[in-house]
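Contents: one structure, followed by commentary.
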Amino acid sequence: MLSHEERDQIAAAYKALPEIIPNFRSRPQQRGLVAFIAHALVDGALAMGEAPTAVGKSIGYLLPASVLAIMRKKKAIISTATVMLQEQIMDRDAAAVKFVVEQVLGRPPKIALLRGRGRFACNIKLEQESRSADLFSENNTHQQSLVLHKALTSGEWKGDIDSAPIDVQPMVWRALANDRHSCRAKACSQYKACPYYLAQAEVKDADVIVTNHDKLLTTLANDSSGDTLPELADAWFIFDEAHHLPAKALTAFAQRFECTLPWLHQLVAVAKGLDAGRTVPISKDIATLTRRLKEINDDIEADAKGKTCYRVLIEPSALIARHHVTTETLLERMLENIAAICKRDAKKRLSRQDEMDVIRLNGFAGRLREFQESFSAFFDADANVARWLEKTGSTWAGCVSPFEAGKILHQHLWGDVGSAVMVSATLTPCGEFNPMLVSMGLYGNDRVRTLQLDSPLDFSRACLRIPDLEHSPEHVVGHTRDVINFLASLEYDEGGTLALFSSKKQMTDVFEGLPPALRLTILMQGQASMAELLRKHRAKVRNAMPSILFGMYGMSEGLDLPGNQCVRVVIAKIPFPSPDSPVMSAAADNLESKGLHPFPLLLLPEASIRLKQSVGRLIRTEDDYGEVILLDSRARTKSYAKQLLAGLPMKTRYN
């Protein structure tokens, strides 16, 4: 139970927020969220709170988590859906919370950022790449490595990509980044100066750890939580934008192998410097594996019969499966030979060149082991996963993914954590929590609590309009023509318009079908970077010029266009997920095998969440107004229309 002292300290810290946050407004919804989270954390609950736009979620969870973490000597872990939101918390909200908590408790909370290894440079790699660096060289890796090495050794840079003193090219960073396979940890000569382990020391000392869903779930999937996370039973978890958790969990626990390993040839050169005696067998095995992968690729191509993606329903065809055992044996032998070299030098005091070679060899071994695990998973997959083959360019890949996120979250998270709170503006598809509880693996769990907050914004100044169009989206050509005609009929004399599409082809076809004069007002995703499109859009609106943003459904989340930057949102059609994706198909088959219908359990809740996100682009502040137009007649005529629109915050007009 929350003690009286804890309540008082949280309340005192909250009351101090106006001292540090300009124009801070204490809202009953935010106070309700603070209380809900505080009680859930100390009671060991698994809580789900829907907090609409403008409630102030990040302060709402960061403040009680910080106060209680200090008072109860606990670790609070805050996980966000994106790195951008993670950085926003650290750069903006953390400073305010530190200030007010220090006022009431006498010390600020220690808040640290937990990032993946790949966001930190490896000292050995950086030094190696910078050794022969020449400012006049045309090799960007050498040039950039030299600048970064000087910044790191002088103390001007902490070694992370996010604060790098220059804009590091992705190809360059790949050559410099730390990774779990090549890292020698305490055996490394640079361990005490390693940017990653220095950051880890801050994390271990923190009261509040800020990370993201991808990092957290990947850590759990790789069974490496002991390196970066406290014991789950002793920690409190808060998941922001929690509606992403199911999809993120499926991605983290999925596996994939490609029928090409272009880096294989580099193994021989690295191994030769450490153990010339094993170079010949490794060289022969690499040639054999390369040939074998080409044969597998060719056999998949023959088996595909012109398709570029197809699901394996039971097991791979005999044509493909014949490679399984012999390739597994080959991979095991290669890994044994590499491990023997690495083991011999594991505890030696190595020259810097040999140390670099060991790091590289460990890295190659790790990548080869990942390939072996994914290869095995594909051939050993059972009925509880989705298994499919997909083609990129001329290369085929074998993919395996679970399709029930709830099982993963229950097995790896909910059963172990001390408590957890999930917050988002969209946790009630079709107006209720049950679909999300099912997808999270929490339905029927007696630790579950829920809270649905009202919006602090005024939605009486907005409406959802569903016109009566001639064609439904099932008639693609006719519906596209209807969308063109409708957009051409609108007046664009005030504020900005956001048009959202589920199909890139339809977006392009609509753009090309509009009158030339109207096309001049449109800024379409893909024409320039998103930052540049938004800059142009805001400038046009500011100068009282019409501006229409065309974009894909992905723009329905995280895009903030307050005021007259967006007075109209046009949604081309109900954003149903693709039922043909291998993971969705496997989930649907699983439900049907149990006598259940996939549409109301899978497709409709997901479409409802996506529609709610799209609608949420319109009203962002107290003064916003306008209309959302859904150009999909199914929202008027289908039996599921009422469910789909349930929970939307604005009135609906059918004209």
Counting only residues that are touching a strand residue (DSSP E or B) at 6+ places or on another chain (Cβ under 7 Å) and either assigned to a helix (DSSP H, G or I) or closer than 30 Å to residue 606 by Cα (or both), how many does region 210-234 have? 6
Selection within region 76-92 - buried (at least 22 other Cβ atoms within 10 Å of the Cβ) and not β-branched (Val, Ile, Thr): 76, 79, 81, 86
In region 412-470, how many are in contact (Cβ under 8 Å) with a residue 12 or more places away in the chain and open to solvent by less than 60 Å² (accessible area, probe 1.4 Å)? 41
Taking the options 546, 605, 582, name whichever one is closer than 25 Å to residue 435 by Cβ, open to solvent by 10 Å² or more (accessible area, probe 1.4 Å) and in contact with a Lys or Arg (Cβ under 9 Å, 6 or more places away or on another chain). 582
Per-region count, region 629-651, residues open to solvent by 20 Å² or more (accessible area, probe 1.4 Å), farther than 24 Å from residue 51 by Cα and outside any helix (DSSP H, G or I): 3
Which of (1) exposed (fewer than 13 other Cβ atoms within 10 Å of the Cβ); (2) modelled with pLDDT of 95 or more; (3) in contact with a strand residue (DSSP E or B) (Cβ under 9 Å, 6 or more places away or on another chain) does residue 302 not meet, given it meets every other one? (3)
What number of residues in region 509-529 are surrounded by 15 or more Cβ atoms within 10 Å (Cβ to Cβ) and in a helix (DSSP H, G or I)? 5
So for region 245-263 (the condition being open to solvent by 30 Å² or more (accessible area, probe 1.4 Å) and more than 32 Å from the chain's Cα centre (by Cα)), does at least one residue qualify? no
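Would you pick out the residues in region 35-49 that are part of a helix (DSSP H, G or I), open to solvent by 10 Å² or more (accessible area, probe 1.4 Å) and not aromatic (Phe, Trp, Tyr)?
Scanning region 35-49 gives 35, 39, 42, 43.
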Counting just the residues of region 135-184 that are touching a residue at least 60 places away in the same chain (Cβ under 8 Å) and within 26 Å of residue 86 (Cβ to Cβ), which one comes out surrounded by the fewest Cβ atoms within 10 Å (Cβ to Cβ)? 162
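Residue-by-condition table, conditions (1) modelled with pLDDT under 95; (2) not hydrophobic (A, V, I, L, M, F, W, C):
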position: 9; (1), (2): no, yes
position: 19; (1), (2): yes, yes
position: 22; (1), (2): yes, yes
position: 37; (1), (2): no, no
position: 43; (1), (2): no, yes
position: 50; (1), (2): no, yes
position: 59; (1), (2): no, no
position: 65; (1), (2): no, no
Exactly one of (1) part of a strand (DSSP E or B); (2) touching a Pro at 6+ places or on another chain (Cβ under 9 Å) is unmet by residue 249. Its number? (1)
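The values are calculated or read from the model by the stated rules, or taken from the named source; none is laboratory data. If you're wondering where the values come from, they're calculated on a predicted model, not measured in any experiment. Every residue, glycine as well, gets a Cβ built from its backbone with ideal geometry; the counts of neighbours run over all protein chains shown. Just the protein is used for accessible areas: all its heavy atoms, side chains included, with ligands, DNA and RNA removed. Shrake-Rupley method; radii C 1.70, N 1.55, O 1.52, S 1.80 Å.
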